[in-house]
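> Structure below; questions to follow.
Quick note: the coordinates plus some simple rules give every number you see, no bench work behind them. This structure is a prediction, so every number in the text was calculated from the model and none was measured. Glycine gets a Cβ as well: all are built from the backbone with ideal geometry, and neighbour counts include every protein chain shown.
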Amino acid sequence: MKKIARFTVDHDRLEKGLYVSRIDGDAVTYDIRMKKPNGGDYLKNAELHTFEHLFATYARNSEYSDSVIYVGPMGCRTGFYLVMRDSVGRGGFISLIKDSFRFIASFEGEIPGAKRKECGNYLEHDLDGAKRVARDMIEVLKDWTPEKMEYVK
């Protein structure tokens, strides 16, 4: 079988940040890298799970909601993928991510979709951990621009 595109990226050269992973017609897959790959520090399951609930809820309720196709974690626990319609553009994507992470960092209250009838693992959540991850990424992304969104070759 052919190697898929994301496995051709040198993960030892990736840093935390936002990248364009692939483009399929008008759908763009963005790589939201929140931990350095192979760095020994990964998203913990409970914080990742809570982050997913909050991130997906915010993105699907944002001004870009009609352009959001998929929000989900990476299996390696170093970040998330967000698939969006290309009409949003890289600037809109960066804006959505920064707004989403500020929302998560300051979130108080009941985690959306975290009741037994709504979630397949409703007991495994960590709001404080999700907030820590969001705060860290806000700092990483404060000066992020569309020009920084290409993988390092």
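> Work out how much length Asn45 to Glu108 would gain on full extension: take 0.36 nm times their residue separation and subtract the Cα-Cα distance, in nm to one decimal.
Net length gain for the segment: 20.7 nm.
> Arg116 to Thr8: FRET efficiency via 1/(1 + (r/R0)^6), r the Cβ-Cβ distance, R0 30 Å, to the nearest 0.05?
For R0 = 30 Å, the calculated efficiency reads 0.15.
> A follow-up question, please. Would you mind checking the tilt of helix 127-141 against the longest principal axis of the Cα atoms of the chain, expressed as 0 to 90 degrees and rounded to 10?
So the inclination is approximately 30 degrees.
> Within a Cβ distance under 10 Å of Asn45, other residues only, what is the Lys/Arg minus Asp/Glu net charge? Show your work: numbers first, answer last.
Numbers: positive: Lys44, Arg77; negative: Glu47, Glu124, Asp126.
Taking every Cβ under 10 Å from that of Asn45, the sum is -1.
> Would you mind classifying segment 11-142 by shape? Square roots of the alpha carbon gyration tensor eigenvalues, ordered a ≥ b ≥ c; an a/c under 1.5 is rounded, otherwise it is prolate if a/b is larger than b/c and oblate if not.
Taking the square roots of the gyration eigenvalues as a ≥ b ≥ c, segment 11-142 is oblate.
> Ok, one more. With Cβ to Cβ distances under 10 Å as the rule, what net charge do the other residues near Arg6 carry (K, R +1; D, E -1)?
In short, +1.
> Let me ask something else. Where nothing but the Cβ of Lys and Arg (+1) and of Asp and Glu (-1) is charged, how large is the charge dipole of segment 42-149 around its Cα centre, in debye to the nearest 20? Intermediate values should be presented prior to the final figure.
Values: 15 positive and 16 negative charges, 24 e Å.
Dipole of segment 42-149, to the nearest 20 debye: 120 debye.
> Count the lysine pairs in segment 11-142 whose Cα atoms lie under 25 Å apart, taking only pairs 8 or more positions apart in sequence or on different chains.
For segment 11-142, the number of qualifying lysine pairs is 24.
> Let me ask something else about it. Give me the number: length gained by fully extending Arg85 to Asp66, i.e. 0.36 nm times residue separation minus the C-alpha to C-alpha distance, one decimal in nm.
Numbers: separation 19, 0.36 × 19 = 6.84 nm, distance 0.85 nm.
Computed gain between Arg85 and Asp66 is 6.0 nm.
> Express the relative contact order of the chain as a whole percentage, based on alpha carbon pairs under 8 Å and six or more residues apart in sequence.
Numbers: 230 pairs, mean separation 45.4, N = 153.
The normalised contact order for the chain reaches 30 percent.
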